[in-house]
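Everything on this sheet refers to the single structure shown next.
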Amino acid sequence: MGDVRAVDPDAWRLWRDLRLRALADAPESFGSSLAEWETADERRWRQRLEEVPLNVVAFAGEVPVGQASGILANEDRRVELISMWVVPERRGTGVADALVDAVARWARGEGAVAVRLSVRRKNEHAIRLYLRTGFVHVDEPGDEPDEITMVRPLDG
């Protein structure tokens, strides 16, 4: 599969290139749109990477093939998994699993008890991935009306 590496604001071009591909490939899967980000300048990309505490990129060799982010736990001690995407040609190869696991490892280190996410109801492929990687549906509203919430409890 390759490896998953945390990136910092100096990797803004790498993050930008993947994120713009994600927004073009699956616009219905994200709260942000390509139009909102395609003209963003370096300052805005760096700010995004500074404000979100965990940003990881999966690599196959030295080729970036996926990304995900984690937002710190709040008072309920859950980390939010956001911005998850894998290039189409690498789906089904373990890249997504590795990204989810990277966020879960980071969450444990931050003292979180679970990882939470919102996913569009019609995104059956992503829902199957999340179920396979330990998430369960919970009776909480998603971030948007057409989303469901899923949570992955973290063991010790």
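The values are calculated or read from the model by the stated rules, or taken from the named source; none is laboratory data. Being a predicted model, the structure only gives us computed values, none of them experimental. Glycine gets a Cβ as well: all are built from the backbone with ideal geometry, and neighbour counts include every protein chain shown.
If you go through the stretch 84-105 one residue at a time, do you hit one that is of a type in the set (Lys, Arg) and in a strand (DSSP E or B)? Checked the stretch 84-105: no residue is of a type in the set (Lys, Arg) and in a strand (DSSP E or B). Only one of the listed residues (ALA35, ALA26) is among the aliphatic types (A, V, I, L, M), modelled with pLDDT under 95 and within 24 Å of ALA104 (Cα to Cα). That residue is ALA26. Scanning the stretch 58-78 for residues that are touching a strand residue (DSSP E or B) at 6+ places or on another chain (Cβ under 7 Å), aliphatic (A, V, I, L, M), outside any loop (DSSP other than H, G, I, E, B) and surrounded by fewer than 21 Cβ atoms within 10 Å (Cβ to Cβ) yields a single hit, ILE71. Considering only the stretch 8-18, I want to know if a residue exists there that is assigned to a loop (DSSP other than H, G, I, E, B), of a type in the set (Asp, Glu), at pLDDT 95 or above and in contact with a strand residue (DSSP E or B) (Cβ under 9 Å, 6 or more places away or on another chain). Yes. Remark: pairs (first residue in the stretch 57-86, under 17 Å from MET150 (Cβ atoms) and in contact (Cβ under 8 Å) with a residue 60 or more places away in the chain; second residue part of a loop (DSSP other than H, G, I, E, B) and of a type in the set (A, V, I, L, M, F, W, C); Cβ separation under 7 Å; 6+ apart in sequence or on different chains) = ARG78/ALA112; ARG78/VAL113; TRP85/ALA26. Scanning the stretch 109-132 for residues that are in a loop (DSSP other than H, G, I, E, B) and either hydrophobic (A, V, I, L, M, F, W, C) or crowded, with 17+ Cβ neighbours inside 10 Å (or both) yields ALA112, VAL113, ASN123.
Every condition in (1) out of contact with any Asp or Glu (no Cβ under 8 Å at 6 or more places or on another chain); (2) exposed (fewer than 14 other Cβ atoms within 10 Å of the Cβ) holds for GLY31 except the one numbered (1). When both residues are 6+ apart or on different chains and their Cβ atoms are under 9 Å apart, which pairs have a first residue that lies in the stretch 134-156 and is farther than 9 Å from SER118 by Cβ, and a second that is of a type in the set (Val, Ile, Thr) and not in a strand (DSSP E or B)? Listed by first residue and then by second, the contacts come to GLY134/VAL100; PHE135/VAL100; PHE135/ILE127; HIS137/ILE127; ARG152/VAL100; ARG152/THR133; PRO153/VAL113; LEU154/VAL113.
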